[in-house]
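Q: Got a structure here, written out as structure tokens. Questions coming.
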Amino acid sequence: MVEEFAFDNTEERRKNRQNGTGWVEVIVGSMFSGKSEELIRRLNRARIARQKVQVFKPMIDARYSQEEIASHSGQKHISIPVTTAAELMKKIEPDTQVIGIDEGQFFDLELIEAVNELANAGKRVIIAGLDQDYTGKPFEPMPQLLSTAEYITKIHAICVKCGATANYTQRTVESEQLVEVGAADKYEARCRKCFIPHSDAPTPL
Ligand code: ADP
Ligand code: ZN
């Protein structure tokens with residue numbers, strides 16, 4: 001579990017709320033690092049605080065359910081599937097205070113402008129996503145979101161080979177498919193020493 005970051009009730013955030021300013025939080029790491037768990041934890045806390053929450057995920061992620069985000073450990077949160085950042089913006093209700101976005105790496109680059117617009121309008125936006133693809137390359141739009149967000153959290157999985165801190169997602173099967181979403185059996189968390197980058201691979205994760 002990630003240590004209790006001051007993401008929910010700090011004086012700083014209360015001040016932001018008072019002057020109507022929103023902000024952007026980004027959660028990144030490899031597959032199995034606990035991004036979805038951490039996102040769900042923050043969203044649950046916002047709901048306990050009686051804030052209006054809306055959660056989105058890219059339509060491409062058919063893992064477990066179209067209407068829910070889910071962690072590998074079985075936690076779930078209801079979500080709205082969308083195909084583009086523009087569609088996400090259209091579905092935002094005016095009184096929504098907290099917006100959660102999972103699998104941010106599967107959104108288009110317009111997501112950066114969209115989340116800034118939402119934060120400017122006073123909303124708290126939390127985006128979870130892979131910061132690197134299975135070749136170890138930065139996975140847009142997450143790197144740009146990391147640069148522009150107020151708060152960033154990088155978390156790690158455990159290397160399945162040696163038990164060290166895992167920073168990489170190893171693809172364990174050859175695939176013709178562009179995206180093998182949520183196919184947990186086709187990926188492993190690996191540390192720097194155990195990760196074998198397929199740098200010549202033609203397609204991203
Ligand atoms: P992510 O969204 O980053 O892919 P999830 O939040 O869906 O991660 O899942 C995290 C959970 O996955 C952990 O709490 C743990 O139960 C499980 N898990 C499976 N394999 C690993 C691993 N190699 N390292 C850490 N956690 C793992
Ligand atoms: Zn290792």
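The values are calculated or read from the model by the stated rules, or taken from the named source; none is laboratory data. Just so you know, these numbers come straight off a predicted model, no measurement behind them. Cβ placement follows ideal geometry from the backbone for every residue including glycine, while neighbour counts extend to all protein chains displayed. Please note that ligands, DNA and RNA were not included when accessible areas were found on the heavy atoms of the full protein model with its side chains. Shrake-Rupley method; radii C 1.70, N 1.55, O 1.52, S 1.80 Å.
Q: Among all residue pairs at least 6 apart or on different chains, which show Cβ distances below 7 Å where the first residue, located in the range 133-154, is modelled with pLDDT under 95 and the second is charged (D, E, K, R) and outside any loop (DSSP other than H, G, I, E, B)?
A: Partner pairs satisfying both residue conditions: Y134/R171.
Q: Looking only at the range 23-39, count every residue that is in a strand (DSSP E or B) and acidic (D, E) and tell me the total.
A: Total meeting the criteria: 1.
Q: Ok, one more. Any residue at all in the range 131-142 that's open to solvent by less than 30 Å² (accessible area, probe 1.4 Å), under 17 Å from the mean Cα position of the chain (by Cα), on the phi < 0 side of the Ramachandran plot and among the charged types (D, E, K, R)?
A: Yes, the range 131-142 contains at least one residue that is open to solvent by less than 30 Å² (accessible area, probe 1.4 Å), under 17 Å from the mean Cα position of the chain (by Cα), on the phi < 0 side of the Ramachandran plot and among the charged types (D, E, K, R).
Q: Which pairs do you get when a residue that is in contact (Cβ under 8 Å) with a residue 40 or more places away in the chain, found in the range 66-94, comes within reach of a residue that is assigned to a loop (DSSP other than H, G, I, E, B), reach meaning Cβ atoms under 8 angstrom, with the pair 6+ apart or on two chains?
A: Within 8 Å, the pairs are H72/F32; E93/K52.
Q: Mind checking which residues of the range 111-129 are open to solvent by 10 Å² or more (accessible area, probe 1.4 Å) and within 28 Å of Y187 (Cα to Cα)?
A: Once the filter is applied, which keeps residues that are open to solvent by 10 Å² or more (accessible area, probe 1.4 Å) and within 28 Å of Y187 (Cα to Cα), the range 111-129 yields only I112.
Q: Would it be correct to say that G74 is on the phi > 0 side of the Ramachandran plot, open to solvent by 10 Å² or more (accessible area, probe 1.4 Å) and modelled with pLDDT under 95?
A: Yes; evaluated as a whole, the condition is true for this residue.
Q: Does L118 count as free of Cβ contacts under 8 Å to residues at least 60 places away in the same chain and away from ligand 1 (no atom under 16 Å from the Cβ)?
A: no
Q: Considering each residue of the range 112-160, count those that are in a helix (DSSP H, G or I) and touching a Gly at 6+ places or on another chain (Cβ under 8 Å), and give that number.
A: Qualifying residue count, the range 112-160: 5.
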